[in-house]
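The values are calculated or read from the model by the stated rules, or taken from the named source; none is laboratory data. A quick note: this is a predicted structure, and the numbers were derived from the prediction, not measured. We place every Cβ from the backbone using ideal geometry, glycine too, and count neighbours over all the protein chains shown.
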Amino acid sequence: MKTETTIQGLTASLSPARSSRKIIGFVPTMGNLHEGHLNLVREARRLCDVVVVSIFVNPIQFGPNEDFENYPRTLEHDSHLLAEVGCDIVFAPSVEQMYGHKPRLTNISVSDITNDLCGLQRPGHFDGVAVVVTKLFNMVQPNFAFFGQKDYQQLAVIRQFVRDLNIPLEVIGVPITRATDGLALSSRNGYLTEEQRKTAPIIFQSLKEAEQQLKQAVNLAEVLENIKQTLTQAGFIVDYVEARTLDLEKIEVFNQDVVLFVAAKLGTTRLIDNLQVKYTA
């Protein structure tokens, strides 16, 4: 496994794969890897000849009061994990390598689907994601790019600009990886205290309960309210509980497949999760 820290080095490392028309798979990450990230790499390994993983903590997707400075940077540990699951090239650029020294005057902004859910609470976040992911796509030029469905809105945003800008690759969403108690794996879980970690799985439990209620024909608005109450009683500060179509359009009645979304804080840690519920007439 090679580690490259410059765009030039990455291009040189990928040159043999490109010239022999190998299929290149790409997994963009911010490091501090867990089993969820490793499952993305495993999926890339299964489908592709060459697997590239980027590790870059992207400053422009963090808001003013978010944890950019404190975000764990664990490159050495991450590299060991990646070597074990068959990554070929790690791309770990500096901020200067990614953004240069001159002001960035170009933005990439996906409208509508970024206006609510996490976009409402984190203005500019998805623009920052769109810019860095587009830059990485241009550098790696993969055939396939792999993203987790835990960040469902992010996945939708990336699919949208790939389609709108005719970026020649396929985006693959990989199902959420969960701990045995149901908690969606996230780098932010490491911020939870021992007590909070015991409480955190209630998010997934409330989503599964909601799924059952929907299948028993309980009204969608009531189901969402029940999730909110369950979480509030358990000590969460609820940011939002929402239902959307698979394309992130608002939905009032459960008459097609839906995605239930939750974002809530436990102490200072913001946790997100979602669950797709299939509609059967």
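Which is touching a residue at least 60 places away in the same chain (Cβ under 8 Å) and out of contact with any helix residue (DSSP H, G or I) (no Cβ under 8 Å at 6 or more places or on another chain), of GLN196, GLN212? Outline the logic, then answer.
Details: GLN212 fails: touching a residue at least 60 places away in the same chain (Cβ under 8 Å).
After ruling out the rest, the residue left standing is GLN196.
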| Pairs under 8 Å by beta carbon, first residue basic (Lys, Arg) in segment 81-98, partner not in a loop (DSSP other than H, G, I, E, B), six or more apart or different chains? | none
| request: Please go through segment 99-140 and pick out each residue that is in contact with a Pro (Cβ under 9 Å, 6 or more places away or on another chain) and not β-branched (Val, Ile, Thr). | output: TYR99, GLY128, LEU136, PHE137, MET139
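So which of ASN107, ASN65, ASN115 is within 16 Å of ILE158 (Cβ to Cβ), outside the structural domain of LEU260 (by TED's automatic domain parsing) and either free of Cβ contacts under 8 Å to residues at least 40 places away in the same chain or not in a helix (DSSP H, G or I) (or both)?
Numbers: ASN65 fails: within 16 Å of ILE158 (Cβ to Cβ); ASN115 fails: within 16 Å of ILE158 (Cβ to Cβ).
Matching residue, one of ASN107, ASN65, ASN115: ASN107.
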| message | Can you find a residue that is within 24 Å of GLU249 (Cα to Cα) and part of a loop (DSSP other than H, G, I, E, B) anywhere in segment 180-189? | response | no
| Are any of the residues in segment 251-263 surrounded by 17 or more Cβ atoms within 10 Å (Cβ to Cβ), acidic (Asp, Glu) and assigned by TED's automatic domain parsing to the domain that holds SER206? | no
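I want to confirm something. Restricting to segment 267-281 and keeping residues that are part of a strand (DSSP E or B) and not acidic (Asp, Glu), which single residue is surrounded by the fewest Cβ atoms within 10 Å (Cβ to Cβ)?
Going residue by residue through segment 267-281, those that are part of a strand (DSSP E or B) are 269-277.
Imposing the further condition that a residue be not acidic (Asp, Glu) reduces the set to 269-272, 274-277.
Values: THR269: 18, ARG270: 19, LEU271: 23, ILE272: 21, ASN274: 22, LEU275: 19, GLN276: 15, VAL277: 20.
In this case the residue turns out to be GLN276.
Could you list, in sequence order, the residues of segment 122-158 that are in a helix (DSSP H, G or I) and at pLDDT below 95? Write out each step before concluding.
We begin by selecting, within segment 122-158, every residue in a helix (DSSP H, G or I); these are 125-140, 149-158.
Residues satisfying the conditions do not exist here.
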| message | modelled with pLDDT of 95 or more and farther than 17 Å from PHE137 by Cβ: which single residue out of SER109, SER94 fits that description? | response | SER94
| request: May I ask you to list pairs of residues, at least six apart or on different chains, whose Cβ atoms are under 8 Å apart, with the first in segment 30-57 being assigned by TED's automatic domain parsing to the domain that holds PRO93 and closer than 23 Å to THR6 by Cα and the second being part of a helix (DSSP H, G or I) and of a type in the set (Val, Ile, Thr)? | output: VAL51/VAL41; VAL52/VAL140; VAL53/VAL41; SER54/VAL140; PHE56/VAL132
| note | Subset of segment 240-259, residues closer than 20 Å to ARG188 by Cβ and touching a helix residue (DSSP H, G or I) at 6+ places or on another chain (Cβ under 6 Å), comes to VAL241
| said: Being part of a helix (DSSP H, G or I), under 29 Å from ARG188 (Cβ atoms) and within 25 Å of the chain's Cα centre (by Cα) narrows it down to one residue among LEU33, LEU10; which is it? | reply: LEU10
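Can you pull out every residue in segment 195-234 that is among the polar types (S, T, N, Q) and in a helix (DSSP H, G or I)? Can you show your working first?
At the first step, the residues of segment 195-234 found to be among the polar types (S, T, N, Q) are 196, 199, 205-206, 212-213, 216, 219, 226, 229-230, 232-233.
Listed by number, the residues that qualify are GLN196, THR199, GLN205, SER206, GLN212, GLN213, ASN226, GLN229, THR230, THR232, GLN233.
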